Amino acid sequence: MKPRVGVNEWTVPWRPTQGESTSGVDIRPAPEYTASQQDIETFQRDGVVFLPGEFVDWVKPLQMGLERNLADPRNYAFPCESTEEEEAGRFFDSYCNWERIPEYKEFVFNSYAASMAGHFMESQSAQFFHEHSFVKESGTQRATPWHQDLPYYCVDGRQTVSIYISLDEVPKDIAVRFVVGSHRWDKLFYPRHFISGEHFDQQGSELDSVPEIDADEHNYEIRCWDMKPGDTILFSFRTLHGTTDNQVKNRRRAFSTRWLGDDAVYCERPGEMSPPYPDIGLNSGDKMRQDWFPVIWKRP
């Protein structure tokens, strides 16, 4: 029987302290990524872009890091089970473990992800926010509800990007789907619990409910891709995304890093946020602190 663990379940100390952000890794100048102007324009216009094969060399290390998490979930931060106990399969995710999983930290500091993020955000810098890993095991039929990432977070701004890397071969009928252009709607939607689809408790927020996209698909441009290990999707924190409840036939693992650009600032949201930073010591509109969220890349 699977353990039932809710969102933001506190398990271990996980916030970095002064000086920890580079401990345990041989830090070298982050490799520079050569971005296609066409890909950047696609990302800026559509809020999402597919880059095949970008991180093939990192698949095995990231798989190893994820297996550490799965072998002992309670020894890592925010283990979350999003399937009911009687359901087939398993939908597991965990985040904010880059200080505890060496393969994750190595990727954050020594891959060209930071440079990639900076170029696609059209930013002068790339500040690391956090990482997030996901597993859907064979037999799972649990949809990921349509949502934006930004309303979960204690940040605001337009220059944001998630770098999502597939760690398995994934047919597009179970892959993440994106509503093209939704990052430009100038709307934020209530964050949702993945099990129930219900809103987070953010009373006082001026947010909307996510529209019934599945019931009205002809009114939206929805994009998804067949993915191989190392294939990568970049998308804005404001882009609506989710999955169907089609049955997962083979394991689907993914690793995502979240990045902030020049205009990103702290945002105090009412009620629950994920990840929670209750003692961050900032006011809304302040720049994010660099001891917790290191700036890893600056434009040459």
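Read-outs: derived from the displayed coordinates by stated rules, not from any lab. Predicted model, so just to flag it, every value in this text is computed and none were measured. So basically every Cβ, Gly included, is an ideal-geometry build from the backbone, and we count neighbours across all protein chains shown.
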Fewest Cβ neighbours within 10 Å first, please rank 218, 183 accordingly.
218, 183
Toward the positive end of the charge dipole of the chain, about the Cα centre and with charges on Cβ (Lys, Arg +1; Asp, Glu -1), which of 47, 112, 140 goes farthest?
112
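Ranked by Cβ crowding within 10 angstrom, fewest neighbours first, how are 296, 233 ordered?
296, 233
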Around residue 287, under 13 Å between beta carbons, what's the net of Lys plus Arg minus Asp minus Glu among the other residues?
-4
Past the 24 Å Cα-Cα mark, which pairs from 187/298; 105/249; 60/105; 105/187?
187/298; 105/249; 105/187
Taking the number of other C-beta atoms within 10 Å as the exposure measure, put 272, 41 in order starting with the fewest.
41, 272
How charged is the neighbourhood of residue 174? Take every other residue with its Cβ under 13 Å from the Cβ of residue 174, and add Lys/Arg as +1 and Asp/Glu as -1.
+2
